[in-house]
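Some notes on the structure that comes next.
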Amino acid sequence: MKSIQIERVSKSYTEGALALDEVSLELSENSFTCLLGPSGCGKSTLLNMIAGFIEPTTGYILVDGREVTHAGADRGVVFQEYALFPWRTAIENVEFGPMVQGVSRAERRATARAYLSLVGLAEHEGKYPRELSGGMKQRVAIARALANHPSVLLMDEPFGALDAQTREVMQEELLRIWEQDKKTVVFVTHSISESIFLADRIVVMATQPGTIKEIVDVALPHPRERSSAEFVALEREIKRLVREEVAKLGVTG
């Protein structure tokens, strides 16, 4: 059984704009998929429908065989904005989800400590968000998403606000976490290099309206070297696909 099944999903808004047009996709359990494409291609819309934050106009989405009708703890979400509670410490932020679910204080504290350790922040559990760097805040956000033990981890450009060096470190850390705590990951990005570095499958999306242009399977073994001939060749091919869609938007350069 597929972990995520998307069947002929379309999304239109009241003003008549068609954000997605009959998208169908199957994602296997524990796979790592990147949704890649220019702004306006509907990749964040698709992610938010998997999360249950918005409903498809037509079609349906199944997660682990159950139709998505609302948000649920089986799907953890990490946004570009850290969205941490500033009045809560790192560990209090991570244990918030289990607390809402009624988990005992001792159990949720143990869970939060385990995931803070997993993301490399065991020594910073008592710090408030204002005392953490951008990369550390995003690690807390990832730990918070994992603390609910989701089967699916949804990530909407989670490293987009980070500087280039921190972004690469976070990509490496995410792969380490994924290999250690297997989840089905769906990751939205504008970066071709990021998608090749992370994913075993890249869904290149077309725009006007949003559809699937091409699915690229990435067979490169981890760890991946960005300067390798295979990496560069794949980057060149995907860049061609994306530029075709950017051209539709009248963007040059």
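Points worth noting:
- Given (1) under 21 Å from L27 (Cβ atoms); (2) not assigned by TED's automatic domain parsing to the domain that holds E194, index of the condition A106 fails: (1)
- Residue in the stretch 235-242 that is within 17 Å of V23 (Cβ to Cβ) and part of a helix (DSSP H, G or I) present: yes
- Restricting the stretch 8-37 to residues that are hydroxyl-bearing (S, T, Y) and part of a strand (DSSP E or B), the residue that is modelled with the lowest pLDDT: S12
- Residues located in the stretch 113-163, provided they are over 13 Å from the mean Cα position of the chain (by Cα), within 23 Å of T33 (Cα to Cα) and buried (at least 22 other Cβ atoms within 10 Å of the Cβ): Y115, V119, R139, V140, A143, R144, A147
- Filtering the stretch 25-65 to residues that are of a type in the set (D, E, K, R) and touching a Lys or Arg at 6+ places or on another chain (Cβ under 7 Å) leaves only E26.
- Residues in the stretch 64-86 that are within 24 Å of L18 (Cβ to Cβ) and β-branched (V, I, T) were compared, and the one that is farthest from the chain's Cα centre (by Cα) is T69.
- Filter pass, V63 being farther than 24 Å from Q208 by Cβ, crowded, with 22+ Cβ neighbours inside 10 Å and in contact (Cβ under 8 Å) with a residue 40 or more places away in the chain: yes
- Set side by side, the residues E67, E92 differ, and just one is outside the structural domain of V186 (by TED's automatic domain parsing), modelled with pLDDT of 95 or more and either in contact with a Phe, Trp or Tyr (Cβ under 6 Å, 6 or more places away or on another chain) or over 27 Å from E194 (Cα atoms) (or both), which is E92.
- Checklist (1) in contact with a strand residue (DSSP E or B) (Cβ under 9 Å, 6 or more places away or on another chain); (2) touching a residue at least 40 places away in the same chain (Cβ under 8 Å) applied to E26, failing item: (2)
- Here is the figure for the stretch 198-230: residues that are touching a Phe, Trp or Tyr at 6+ places or on another chain (Cβ under 8 Å) and not aliphatic (A, V, I, L, M) total 5.
The values are calculated or read from the model by the stated rules, or taken from the named source; none is laboratory data. Nothing here was measured: the structure is a model prediction, and the numbers come from that model. Reconstructed Cβ throughout: ideal geometry from the backbone, glycine too, with neighbour counts over all protein chains shown.
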